[in-house]
Structures are given as C-alpha cells and as structure tokens.
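This report concerns only the one structure given below.
The values are calculated or read from the model by the stated rules, or taken from the named source; none is laboratory data. Computed from a predicted model, the values in this text were never measured in an experiment. Cβ placement follows ideal geometry from the backbone for every residue including glycine, while neighbour counts extend to all protein chains displayed. Surface areas here come from the heavy atoms of the whole protein model, side chains and all, with no ligands, DNA or RNA. Shrake-Rupley method; radii C 1.70, N 1.55, O 1.52, S 1.80 Å.
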Amino acid sequence: MAPPKTAGADQDCVALAEIELCGDLIIAASSADGERLSADRIDEVLRVEPAG
C-alpha cells in the first residue's frame, strides 16, 4: 500500500512542474534567433492560453 499523500508531496509535484517549465524556457532561449524571447514565444513555451 502506498503511503498517504502529504502537503510535501503536492509541493514536490508543483516544484517538478516549475522545473520542467524553466527547462522548456531555457531550451527555447538557447535556440532563439535574437537576444531575447518575445512575450508571445514565452506564452507559447509556457502553454499560456490567450485571454477571452
């Protein structure tokens, strides 16, 4: 039987998701043509849905 889920386990899942998103941003930045990523490209990498 698996141990019960704790607040620490939930925080671990959130931390892992944040690390994955940061990694995605680093990969996108390293392959970008310019010096910086555009706001639209950052939203795309982070899977941000357009408002509305």
In Å², and per residue, what accessible area does the chain have when probed at 1.4 Å with the other protein chains present?
89
Measuring from label point to label point, each 7 Å out along Cα→Cβ, what is the C13 to D40 span in nm?
3.5
Built amide H within the under 5 Å cut-off of L37, gap 5+:
none
The chain, accessible surface, carbon-and-sulfur percent (1.4 angstrom probe)
59
Taking Cα atoms only, helix 7-30 is inclined relative to the longest principal axis of the chain by an angle, in degrees rounded to 10, of 20
